[in-house]
Structures are given as structure tokens and as C-alpha cells.
1. Helix-derived [θ] at 222 nm for the chain: sum -39500 (n - 2.57) over DSSP H runs of at least 4, divide by residue count, nearest 500?
2. Across the range 425-433, in residue order, what do the Karplus-derived ³J(HN,Hα) couplings come to in whole Hz, using 6.51 cos²θ - 1.76 cosθ + 1.60 with θ = phi - 60° and x for Gly and Pro?
3. Given (i) 28, 27, 22; (ii) 82, 23, 16; (iii) 35, 29, 21 as candidate values of semi-axes √(5λ) of the Cα gyration tensor in Å, which corresponds to the one derived from the coordinates?
4. Search the structure for amide H atoms under 5 Å from the amide H of Val389, placed 1.01 Å from N in the peptide plane, and list their residues when 5 or more places away or on another chain.
5. Any idea how far the Cα center of the range 87-160 sits from the one of the range 247-313, in Å?
6. Give me Glu477, Glu353 ranked fewest to most by other Cβ atoms within 10 Å of their Cβ, as a rough exposure proxy.
7. Could you bin all the Cα-Cα distances of the range 369-448 into 10 Å bins starting at 0 and give me the percent of pairs in each, rounded to whole numbers?
8. Sort Arg113, Arg266 so that the residue with the fewest other Cβ atoms within 10 Å of its own Cβ comes first and the one with the most comes last.
Amino acid sequence: MRFALPTRAAVLSAAALLLLATPAQAAGPYAPLPPHNPYAGPDGTATMHGDTGSSDATPLPGPRAGALDSHRTALASACPTVLVGADGFPVALCTTIFGLTPTVHLLDPADGRSLAELPLAKGSLLGGVYAYLDDRDRLVAVDGNRDLLRIGHHRTAAGGWELSVDSRLPLAAVVPADDAVTGVSPDWQGRVWFATGHGVVGTADDRTGAVRALSLPPGEQIANSISTAPAGTAVASTHATYLLAAGADGTPRIVWRQPYDRGPGRKPGQLSWGTGSTPTFFGPATGGDYLTVVDNAAPTVHLLVYRAGSGEQVCSVPVLRAGGSGSENSPIAVGNAVFVASTYGYPYPKLPEGAGPAVPASGAFRGGLSRVDVRADGSGCDLKWDNTVRSAAVPRLSTGDGLIHTVLRGPVVPGTDATSVLDPYSYAEIDPETGAVVRTKWLGSGFLFDTLQMVGSIAPGRVVLQGTTTGVLRITEG
């Protein structure tokens, strides 16, 4: 059923008011969020994982109780990154189905349609996935030519919209031709930190043109994004978790390194042999007291928590015991609470080059979600609950409504753990206190609606934007 849409001006005005009215450090049991990075966009929508600390949390609330509507914007692309700037405009970084070309889309905040698009130079499968919005609503990403780009959206003379590369800084001097940048994040001095698949970690200052880098030990790869906080820059390689800092000229140095159990091989439902986590800063005092990742131990993975400043291990807790014990997703972490979702056995249609064989060769997608709480005195951690929720997206915790938002993948035959191209997908809200699913909305069935363990973002106006293999879903109040 079609209905009259509000004007774009009204939508943007409402978005601006909501951003101003929603505190970055929401009160309640899930607080504080990581410190706001002055060189990034709004908390909750500036990065794939919400903020530069990668909390996978947002101060913005999702849809209110009642009926829900959903609409799919078809872009013939997989869209793992959907961000929203301070101006209320969503920016999606997608990869075309045919040609695997990274493409930026500016979406209409009122209805989700693409207002403008800009293809980027091709790189690796994971290159062009992680990006962020800066404090001027520009998308910061590295293209296949190893150039650091700031992409802005602007009005045209005809009153439409266009996307353009506002600045470009080559990284080829430190990133080899056979390598690709997998993650970028700004630090508190305005430099852009980056990490590559082959283990190069560097800083780039596009105000001065300075680019500095170091290489991690031989054989260590970086398959996920990176996180920044006042304490430093967190990187999880296929062997260890690091905290790094920059010298006066921007040259990275290792503050601490903690190896983890990487298991006998890549688990089914993961994209690399090692942790699937983008490291997450969290904590009850500053929002950056701790750093957490999930290891790749077999048969059961562990949530690992470290003190961010020193690297001292706080705990190692077995998680995802009820379902499949493996995760390609970054944990949600706010205050003392950490949530881990299973991707074990998820059927990815394509793996990155060099991913290697799975060990074991295959596994059922049973699902799983665990909550671990760090004790108030910091003496350790405790598993609070563990279930078999079959999340097909990276879950997002809203401190604005107190719910976890995700998408569930159901089997065609109820009660089984089989997967097929006909599987149904449903938007879901989960009670973080119990792990119980409290509301669902059927989205559709089949490949068009596969969320492929991609992240959903909650936009101003209680709108959920969820990437799929073919575009972006827009979930709103009915």
C-alpha cells in the first residue's frame, strides 16, 4: 500500500532534532558508549560497527511497538556498509553482483531509493567493505588503486545530487601492489589509521600528505576492520590482538600484543583462519576501559577481554556452546555487557582469496547468541545466557530502546538446521536481559533477502537500514 511521504526537508529536520535530542551516553544498564571521536560522524551511524570503538551499539531507538513495514531498494549489489551522516542522508558502500565493483550510493532518507552513485576502483573481496563517515559527512574509504578517498555528496545545478571524490591520498608507497586495505578508522589527532590484508598497519594524514606504516610479523593477516579510542588503535590479526599508538610523525608502534588460540583452521561460516572479530572497545567507566575479541579455538570459541591500557587479560569465557561455536562477527559491547553471535556454518556464496579450506569441511548453521558480563570489580567475567538464535546479520544494540536488533534466517522446514536458497528472513528484536526474541517481522524469502551476516544501522526517525546480497532493506513503523 502506498502512502504520502513527508517532504525531504521535514525528514531532515526531524532527523536533526532526533540527533540533538538523543544523548551520546544514554542512561541505563548499557552505558557508556565509547567516547565520541571528533573526526567521525554521529555515534551509532558513522562506522559499520556504529562508532570508531566498534561497540555495535547506537543511541538511536528502533521502531516503536506496533505494526512494521519493510521495503527493499534493489541495487544489484551486496551492501555491507550503510552509514548515516549528521545531515540524515544514508550512504551505502556496496559491491556489484556482476563485476564485483565497489560502488557508493547516496540514499533518499525518506524512501531509501538511490539518489546518486559512484563506482570505485576494484580491489580484493574485503577491500572496499570497511569505511566510515567523517565529521563532514564524507565517506572515507580506500579504493583498489590504494588511494585514500574522501567522498562527499553535493547538490547539482539542476537540484539533484552527485557523489564526488573531494580528496585523494595515495598509500601505494607503503601498501604493496598485491595487498589491499581492509580497515580504516580515524584517531583523536585526525590521522586515518589503516590496516591491510597482508599485515601492514599505518597512518595517513591527508592534511600534510604524510603516510607512515609498520608490518606485523610474517604470516599474520588482517581480515577484519580496526578500532580507535583515546587509548590507541586496536587491530586483530589472524594470530594476535594488538594495541598500537603513533609517534609524533605518525609512525605506528606496538603498545601490547596478546596471541590467542586460532584453532586448527578456518571454521565453516568464517572468512579467515583466526578471529572473525573487529576488536571492540568498551567499559563501565570511560567506554574504553576494555578491549574484546572472540578467538577461533576448537571445538568451542572463547570471548577474550583485556584491559585496554595494559593488555592484561581479564577473562577467557567459552561462548556459543548451545549452537555453532564460531563467529565472523564483531561483538556488541557496552558497559559491562558483551554479546557474541554465531556464524558457524553460514553459507557464504564466495570466500576471499586465500581463505583456505574449512576445518571441518562443512557444518550446519544452527545459530547462537551469548551474553557475557564483566564483573563490577574487574576480577573476571561470567556467562549470563546462551541460546540458539539464528542471527543472519551482525546484531546492533540500541541504548535508546534497550533492544538488540538483527535479522533471523529460518529454515524452509521448521525445526531443522538446513539452509537453502528459499530460506525465509525476518527482522527481529531481542531482549538483552534474557536473550528472548520479543518481536519479528517477515521480510521475504530467498537470495534477494539474504543479509549474509552484514550489519544493520538504525537511522534517525526509528528506521532500520539493513544491507542484503542485492540491496538495502528499509524497516519502518507501519
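1. -1000 deg cm²/dmol
2. 10, 9, 5, 9, 10, 10, 6, x, 6
3. Structure-derived value, by its label: (i).
4. Gly368, Leu369
5. Rounded to whole Å, the Cα centres lie 29 Å apart.
6. In order of increasing Cβ crowding within 10 Å: Glu353, Glu477.
7. That works out to 17, 42, 27, 10, 3, in percent per bin.
8. If I rank by nearby Cβ atoms, fewest first, I get Arg113, Arg266.
Computed from the coordinates by the stated procedures, all read-outs in this text should not be read as laboratory data. None of the values given here were measured: they were computed from a predicted structure. Virtual Cβ from ideal backbone geometry, glycine too; neighbours counted across all protein chains shown.
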